[in-house]
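Undergrad: Mind looking over this structure? Questions follow.
The values are calculated or read from the model by the stated rules, or taken from the named source; none is laboratory data. All of these numbers come straight from a predicted model, not from anything done at the bench. No Cβ is skipped: glycine too gets one built from the backbone with ideal geometry, and neighbour counts run over all protein chains shown. Only protein heavy atoms, including side chains, enter the accessible area calculation; ligands, DNA and RNA are left aside. Shrake-Rupley method; radii C 1.70, N 1.55, O 1.52, S 1.80 Å.
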Amino acid sequence: MLIEPFVFLSLAAALSFTCADLFIRKGLQYANHFMGATITIVGELVLFIPLIFLLNSPFPELGAHYLWVMIGGLCNPGLFLVFFLIGIHKIGVARAAPIKGMSPIFAALFALIFLGEDPAWYHLMGVLFVVGGIVLLVSGKTEGRWSRWDARWPLIAAIVSGFGAMSWKKGLVAFPSALTASMIGASAALVVVGAYTCYTMREEDAGDVRQAFWPYLLGGLTAGMGIFLFTSALQTGQVFRVVPLVQISPLFTVLFSVIFLRRAEFITWRVPAGAILTVSGVILVVLRV
């Protein structure tokens, strides 16, 4: 079976997002998460803008494709970050992350409706396996009381992330370079996240921004590379196949924690079960008969 280029790009994007998560978690020890989200997106632009000038990446002529790319950036990482972080604040990451992991289902649905993509039954089964594996990998015991109604925040994050993937795909068709599209999308995301951060800072303490700045910035640089790889994958691959591959980053997070941080407590029944489901889903998603 010939492995198509979008598979490698998608898996590299997942690895980049995993590294970004590690840097961002370090920053969260010092500063507010919304402040961190803003610095992270600034870090993405710090990566994109010099590379565009260095590589002389071309911009297409004005058209509706610019609007679609901006909507893609507004949705993901923009609104996705806002809603997901609110969800973490309301119900905790252990509950919010599995709900957010449903985004490949919504991405496949939007691609089917708006892009006319036609997945086979085994592709859809692969999407479900990946989602199930993500839920197992990131779920665990949680504490504290919470309102079930607050679960809407990570669910909305999953929906806007899925819609964002469809929007990226729709706009990227006209862009000769995924780098310029990534910069435009990240700029749109910065407007949303930056505005919400300014709003939250009226009531919340920003924390020690000086200590958190470099971890967040490094997180932004690696997340920017992830977005570039993600958009490059979308240029050649179908949404319902790319998004599940990118969403396997929790599997890399668990593996890194076990290998490099010696976090042996990660090895519960959920880890092998989630890994088997996720890998099985990946095989089904990339399969072309």
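Undergrad: Can you work out which of the residues in the stretch 37-63 that are of a type in the set (Phe, Trp, Tyr) and touching a helix residue (DSSP H, G or I) at 6+ places or on another chain (Cβ under 8 Å) is farthest from Asn76 (Cα to Cα)?
TA: Step one: of the stretch 37-63, the residues of a type in the set (Phe, Trp, Tyr) are 48, 53, 59.
Remaining after also requiring touching a helix residue (DSSP H, G or I) at 6+ places or on another chain (Cβ under 8 Å): 48, 59.
Values: Phe48: 16, Phe59: 21 Å.
Of everything passing the filter in the stretch 37-63, Phe59 is farthest from Asn76 (Cα to Cα).
Undergrad: Moving on to the next point. Output the number of the condition that Asp118 fails; it satisfies all remaining conditions of (1) within 16 Å of Val160 (Cβ to Cβ); (2) without any contact (Cβ under 8 Å) to a residue 40 or more places away in the chain.
TA: If we test Asp118 against (1) within 16 Å of Val160 (Cβ to Cβ); (2) without any contact (Cβ under 8 Å) to a residue 40 or more places away in the chain, just (1) comes out false.
Undergrad: Could you list all residues from the stretch 257-289 that are more than 30 Å from Trp121 (Cα to Cα) and either open to solvent by 50 Å² or more (accessible area, probe 1.4 Å) or modelled with pLDDT of 85 or more (or both)?
TA: To start, the set of residues in the stretch 257-289 that are more than 30 Å from Trp121 (Cα to Cα) comprises 257-268.
Those that are more than 30 Å from Trp121 (Cα to Cα) and either open to solvent by 50 Å² or more (accessible area, probe 1.4 Å) or modelled with pLDDT of 85 or more (or both): Ile259, Phe260, Leu261, Arg262, Arg263, Ala264, Glu265, Phe266, Ile267, Thr268.
Undergrad: Being touching a residue at least 60 places away in the same chain (Cβ under 8 Å), of a type in the set (Lys, Arg) and farther than 25 Å from Asp150 by Cα: is that true of Lys100 here? Walk me through how you get there before you give the answer.
TA: Working: touching a residue at least 60 places away in the same chain (Cβ under 8 Å): yes; of a type in the set (Lys, Arg): yes; farther than 25 Å from Asp150 by Cα: no.
Taking the combined requirement at face value, the residue does not satisfy it.
Undergrad: Considering only the stretch 129-165, state which residues are modelled with pLDDT of 95 or more and touching a Leu at 6+ places or on another chain (Cβ under 6 Å).
TA: Val160, the sole residue that qualifies.
Undergrad: Something else about it: For the stretch 170-191, indicate whether the set of residues that are in contact with a helix residue (DSSP H, G or I) (Cβ under 6 Å, 6 or more places away or on another chain), part of a helix (DSSP H, G or I) and charged (D, E, K, R) is non-empty.
TA: yes
Undergrad: Residues to consider are Arg288, Arg210; find the one that is out of contact with any Leu (no Cβ under 6 Å at 6 or more places or on another chain), of a type outside the set (A, V, I, L, M) and not in a helix (DSSP H, G or I).
TA: Residue meeting the stated conditions: Arg288.
Undergrad: Can you name every residue in the stretch 81-116 that is among the charged types (D, E, K, R) and either in contact with a His (Cβ under 6 Å, 6 or more places away or on another chain) or surrounded by fewer than 18 Cβ atoms within 10 Å (Cβ to Cβ) (or both)?
TA: Lys90
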